[in-house]
Each structure stands twice: as structure tokens, then as C-alpha cells.
Amino acid sequence: MTQPLMKVPDAQFERAKLMLDRARWAASRMQKLDRVAIRRICEAVGNAGHAKAQHYAEWAVRETGMGVIEHKRIKNEACSRALVELYAGEDFISPRIDAARKIVELPRPAGVVFALIPVTNPVATVFFKTLLALMTRNAIILSPHPQARACSADAARLLAEAARAAGAPDGAIQVIDEPNIPLLEKLMADERVDLIIATGGPSVVKAAYRSGNPALGVGPGNAPVVVDDTADIRLAAKRIVASKSFDNSILCTNESTVLAFASIADRLLEAMKAEKAHICTAEETAKLRNLLFTETGFNIAMIGKDASVIAREAGFNAPGAKILVTPVDLVQPEEKLVREKLCPVLAFARVQTIDQAISSARSMMRKSGKGHSAAIHSKSEANILAFAAAVPALRIAVNTGCSLGASGYETNLGPSMTIGTGFAGGSSIGENLTPHHLLHYARIAYNKDASETFGNFAGLDPLNLPKRIAPVASLAVDNSNDSELRRELRRIILEELKAVMAA
């Protein structure tokens, strides 16, 4: 009988498994480093990324064909040295002592973090996720999108070398050079992975949640932006155009549809035109609808392209335009132009009241964008509160561009390249991803009865506790064992002597 052929080992997966083993070792070593050592490593990595921000901005645009070099440089800088400086005052390593509640909290890093990198913001996300992992004493394995593989992998290796030189264990930062879907699915399901951070398309995020390992994933955006009759119209127009054109609108927090009060709509359009927005005719709007949306969904070839390029592809000219504004009458998912668009095309609709604006926002987000982001330009606290309370978004940017406002770079939200969409958006977190999500705390909790005294933990460091001496009782046991051995030897010797004398 012919024996079945043995399955040929998957060499790529075997190499990846070695990476996981190496990462687990590195994670165990990272958790023994103190705050000074971690700070030194993070500063070295942040400085290395910042120094090459322009280089990788150019490389990312060249490799992916998406975005604006200058804007990618800004994101790379914000996610490198600036990120280290932002969290410099926070301590993710020392115990937290709450004497009033009689609780001591000990930070517990996740361990091995597996991070998916999107094609839209590749290098900035490599910088961002790597630094978050290092700040919290985790090891990280980065898996780039295949269309941004080269720039992402090179950036990861740069950071890895900087980390090693600053004292990080070898293997704390690793990258998969040849990513593919079957490999990712195997790795995400591997028991040696402690946490997955998934940033990318819905299919990738769902795969992360199906893996069986803990995952932090995000849903798609589709942000409405309201401009009411109390807003500073000129400033609102300037901020919206700047936001929608930032990196050619490939941040998932970008504005999707303007909901302008009818009383100020014409003034707003004129102000946007002054900021280099091209206001499309009905014919141009129809051409854009046909270009951007196919039977299978959004035309991915247009993601992150310049407004003038998109106009030319659609069949008209818009030289010098930063964004293309498409007036629409219908604000619901059946109107394709009010869906998420990762390109500088912005739908524009008129509403009569804040209630109609809320109704329109809820309608356009019915199928996409729940839990993500929204924006409003207004001086009316009542309108702002009504909108925030009713729209299905977990971050509402006020009087700022939504792209950088909702992602935390122009507001005091946590600056992030990964936006949690909460229950509504199918995400395990509702906040912007920060270092706080990459560790948990073990809690020492004393009896709360007043008669039970809380211990004095001040000055104690889990990484450098006083040496523990074996108790006397255990030493006595050892002596007993030694004595028993001596007695046995003595017995054998005596028996030998008796035998000799008897002879």
C-alpha cells in the first residue's frame, strides 16, 4: 500500500514561528527593565524615526501612490519623537498606590503584540504602534500591508536597531517581510500572541477578532460635519478644506459629508471655494459618483489621489483644487457619495435645523461609520450637545477639522492612528488607542474594614525587592535530611566493621 506523501513544511510559517519564540523571550526581558531603561529605549526609537520622517514620507507615497509627502512627514513626526514627549510624564512601570482605597496596582504588560499596518498610513502606524508597545514593556511583531511592505519593513528595522543600541533585548521589534493572508491568519491564531492590534480594512479586523486571541480592532469611518448658523463661516470653511485635503483624506477620521444649515450654505460654499475647493456641477457630481463607486464598492484606485487627478479620471478638469465638493439632495446610504471616501471628495447637503442635521447624520451612518467620528462647527452649546447626544459616533470634534481633531492631534483626545468604534462599530474599545490599552493591572486589595491596617508599600520596587532569605524552618528540614544521610552512612560503616571483625 502506498504511503501518503508527508505535508511539506511551510518554510515561511516556520520562520514566523521562530519570530514568535524570539518575541516571547524579548517580552520576558522587557518586563525586567525599569523606567529609566524604557525611557532611554523610547527616546532612541523616537529620535530615529523623527530623523527619517521626510525620507519615509517620500518612500510611502512613492510605493503606495497615496497621500501627500508633506502631510505624511507631519504624521511621521507626530508619531515618533512627539509621541515620546507626550507620554514622558506618564509611568507605565511603577506600582500605583491608593492608600485611601487600600489598593496597590501592579502593571502587567500584554507580552507579544501582533500589529497589522494599513496601506493608508504605513510608516506613521509602524512608529505609533512600536512606541506604544515599548512604553508598556511589550515586544511587537509588525505585519505591513503588502502594498506598503518595503517602506514599512525598512522603518521597522530602523527602529529595531535603535532599540537594540539603547538596550532593548534582541527581538523586541520584528517585522514580517513577506506578509500574506494565510500567514497572518495562522499567526493571529497562534497561542504565543498575547494581543492583536488590527488597523486596516473590515475583513482584516474581523479576522483578528475571529483568531481566538485578544484583539483591538476598529471599524470604518464615515464622518458627518455640521455647520450651523452660529458658526464662523470663513473659519469653518478653512478648517474643513484643510482637513479633507490632509494627506488626500486617507485618515479614517476625515469628513465625509457636510450638513450645512440652508441659511448659510451659499456663504459656506463661497468660503470653501476661496480655500481652493472645486464646487462640482450636477454633471461633474454624476461623473464622480460613477468613477468612485463600482458594483463591488469603492474604487480603491482613487484612494489618496490628488483632487485634480480624480477630476481628470472622472472626465473634467479642476486644476489646483484641494478638494472636490459634490452637492447632493439625498443624505442616506442609497446616495453613494455620502458613504466613506478615502479621497478628497466631499459631499455637501443642506439642512434646515439641527434636528434635520441629526436625522441626516444618523441616516448616512446607518450602514457605515457607527461608533467612529463626527464634527460640528458651531457656537451653540445646545446644538453641539444635541448633535453629540444623538449621532452614533464616539468622538465629536468641535470647531476643528475632523481628520486631526477626532484622531487627537488638534484636540486633547489621545493622539492615535487607531480609532476604537466601541459596541456600535464592532470594536472592543471605544477610545483612541493609547499606551494604556497595552497593559492591565494586577490589584492588591486589602480588607476594607477600618481595623485592618494598610501596608506601607512606599519605596518598594517589584523589580528590585530586598533579597529573600530562606526561613529557619526550611533550613532545619535540610539539616534533618543531612543528619538522616549521615546516620545511614554510619550504619553501613558499622555493619562493614562488624563483618570484618567476625571474619
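May I ask you to list the residues in segment 357-370 that are surrounded by fewer than 24 Cβ atoms within 10 Å (Cβ to Cβ) and in contact (Cβ under 8 Å) with a residue 60 or more places away in the chain?
Hits for segment 357-370 are 360, 368, 370.
Here is a yes/no grid of residues against (1) surrounded by 21 or more Cβ atoms within 10 Å (Cβ to Cβ); (2) modelled with pLDDT of 95 or more; (3) not hydroxyl-bearing (Ser, Thr, Tyr):
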| residue | (1), (2), (3) |
| --- | --- |
| 277 | yes, yes, yes |
| 281 | no, yes, no |
| 291 | no, yes, yes |
| 308 | no, yes, no |
| 311 | yes, yes, yes |
| 321 | yes, yes, yes |
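Among the residues of segment 190-221, what is the count of those that are modelled with pLDDT of 90 or more, buried (at least 19 other Cβ atoms within 10 Å of the Cβ) and at positive phi?
Residues in segment 190-221 being modelled with pLDDT of 90 or more, buried (at least 19 other Cβ atoms within 10 Å of the Cβ) and at positive phi: 0 in total.
Filtering segment 124-161 down to residues that are among the aliphatic types (A, V, I, L, M) and over 22 Å from residue 26 (Cβ atoms), which residue is farthest from the chain's Cα centre (by Cα)?
My answer is 150.
Each row is one residue, and each column tells you yes or no for (1) surrounded by 15 or more Cβ atoms within 10 Å (Cβ to Cβ); (2) closer than 21 Å to residue 68 by Cα; (3) under 29 Å from the mean Cα position of the chain (by Cα).
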site	(1), (2), (3)
250	yes, yes, yes
253	yes, yes, yes
256	yes, yes, yes
263	no, no, no
298	yes, yes, yes
303	yes, yes, yes
317	no, yes, no
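Conditions: (1) surrounded by 24 or more Cβ atoms within 10 Å (Cβ to Cβ); (2) in contact with a helix residue (DSSP H, G or I) (Cβ under 6 Å, 6 or more places away or on another chain); (3) closer than 24 Å to residue 432 by Cα. Residue 347 meets all but one. Number of the miss?
The one condition residue 347 does not meet is (3).
This table checks each residue for (1) touching a residue at least 24 places away in the same chain (Cβ under 8 Å); (2) in contact with a strand residue (DSSP E or B) (Cβ under 6 Å, 6 or more places away or on another chain); (3) more than 25 Å from residue 343 (Cβ to Cβ).
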{"site": "29", "(1), (2), (3)": "yes, no, yes"}
{"site": "38", "(1), (2), (3)": "yes, no, yes"}
{"site": "46", "(1), (2), (3)": "yes, no, yes"}
{"site": "60", "(1), (2), (3)": "yes, no, no"}
{"site": "73", "(1), (2), (3)": "no, no, no"}
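Identify, from the list 301, 321, the residue that is among the aliphatic types (A, V, I, L, M), in the same structural domain as residue 248 (by TED's automatic domain parsing) and part of a loop (DSSP other than H, G, I, E, B).
Numbers: 301 fails: part of a loop (DSSP other than H, G, I, E, B).
From the options 301, 321, the qualifying one is 321.
So for segment 84-105 (the condition being part of a strand (DSSP E or B), among the basic types (Lys, Arg) and touching a residue at least 12 places away in the same chain (Cβ under 8 Å)), does at least one residue qualify?
yes
Could you list, in sequence order, all residues of segment 134-164 that are over 25 Å from residue 440 (Cα atoms) and touching a Lys or Arg at 6+ places or on another chain (Cβ under 7 Å)?
158 - this is the single residue of segment 134-164 that is over 25 Å from residue 440 (Cα atoms) and touching a Lys or Arg at 6+ places or on another chain (Cβ under 7 Å).
Filter segment 362-409 down to the residues that are under 18 Å from residue 229 (Cα atoms) and part of a helix (DSSP H, G or I) and list them by number.
Answer for segment 362-409, where residues must be under 18 Å from residue 229 (Cα atoms) and part of a helix (DSSP H, G or I): 381, 382, 383, 384, 385, 386, 387, 388.
Restricting to segment 222-245, count the residues that are touching a His at 6+ places or on another chain (Cβ under 8 Å) and surrounded by 24 or more Cβ atoms within 10 Å (Cβ to Cβ).
Number of matching residues: 8.
Please tell me if residue 137 is closer than 30 Å to residue 456 by Cα, charged (D, E, K, R) and touching a helix residue (DSSP H, G or I) at 6+ places or on another chain (Cβ under 9 Å).
Against the criterion (closer than 30 Å to residue 456 by Cα, charged (D, E, K, R) and touching a helix residue (DSSP H, G or I) at 6+ places or on another chain (Cβ under 9 Å)), residue 137 qualifies.
The values are calculated or read from the model by the stated rules, or taken from the named source; none is laboratory data. The shown structure was predicted, so the numbers you read here are calculated from the model rather than taken from an experiment. Counting neighbours? That spans all protein chains shown, and the Cβs are built from the backbone with ideal geometry, glycine included.
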